[in-house]
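A short write-up of the structure that comes next.
The values are calculated or read from the model by the stated rules, or taken from the named source; none is laboratory data. Here the structure is a predicted model, which is why all the values come from computation and not from measurement. Because the Cβ atoms are built from the backbone with ideal geometry, glycine has one as well, and the counts that use them run over all protein chains shown. To get the accessible areas, we keep the full protein, side chains included, count just its heavy atoms, and leave off ligands, DNA and RNA. Shrake-Rupley method; radii C 1.70, N 1.55, O 1.52, S 1.80 Å.
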Amino acid sequence: MGLMDAVAQVALANGLTLPPAVAALHGVEGEATFTGRCDVTRGPSRLARLALWLGGFPQAARDVPVTLRVRVGSDGSAWQRDFGGHVTRSRLRVSGDGSAIEERFGPIRLRMHLRLADGRLHYDIGRIYVFGLPMPRWLTPRSETSEYQTDTGDFGFDVSASLPLAGLLIHYRGWLRPI
């Protein structure tokens, strides 16, 4: 087996058995492209708008086409999400201790722990860093993020983040299938 996506590595190390569509997406070796549709909702607060601008997140839209390109290398995984023409890039890698995922969106880095519940893979944010500096716990986003296999066998995602003082940052959900 070649290089694995960071999520697959952490799931394997923690003994998590991923749903088939989730395992297929995170089992990418080399490069792969997925396409589907999603809805995007953004929080209205100024703090939410600033955080989303720093992270390069898309504008609000309903039933927008989405394309995900994943490239796996020895230094982690590069993810490029195209939400109807708005591109959001991130890099995923296994944390230094191997117990978590670290995802970087521009100057924002999230440390996330994985768990399985109700047939879904959940991402729990443990810490956030901005420009390399750890943010106070009260500025750590709350996340209701999960990946799952849809009834049609596609990869489903439901990504939501909020801040205690600002409320909703972003919520996007939809499905993808390999092309």
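Residues checked against (1) of a type in the set (A, V, I, L, M); (2) under 28 Å from Leu163 (Cα atoms); (3) modelled with pLDDT under 95:
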| site | (1), (2), (3) |
| --- | --- |
| Gln9 | no, no, yes |
| Cys38 | no, yes, no |
| Thr41 | no, yes, no |
| Trp53 | no, yes, yes |
| Gly56 | no, yes, yes |
| Ala60 | yes, yes, yes |
| Ser74 | no, no, yes |
| Leu92 | yes, yes, no |
| Glu102 | no, yes, no |
Tell me which residues, restricted to the range 130-152, are open to solvent by less than 40 Å² (accessible area, probe 1.4 Å) and not polar (S, T, N, Q). Val130, Pro141, Glu147
When only residues in the range 106-129 that are open to solvent by 60 Å² or more (accessible area, probe 1.4 Å) and out of contact with any helix residue (DSSP H, G or I) (no Cβ under 9 Å at 6 or more places or on another chain) count, which is nearest to Thr17 (Cα to Cα)? Arg115
Open to solvent by 30 Å² or more (accessible area, probe 1.4 Å) and more than 17 Å from the chain's Cα centre (by Cα): does that describe Asp97? yes
Just to be sure I understand, how many residues within the range 68-88 are in contact (Cβ under 8 Å) with a residue 60 or more places away in the chain, assigned to a strand (DSSP E or B) and in contact with a Leu (Cβ under 9 Å, 6 or more places away or on another chain)? 6
First in the range 89-111 and of a type in the set (S, T, N, Q), second anywhere and in a strand (DSSP E or B) and open to solvent by less than 40 Å² (accessible area, probe 1.4 Å), Cβ under 6 Å, 6 or more apart: Ser90/Trp79; Ser90/Glu103; Ser90/Phe105; Ser95/Glu102
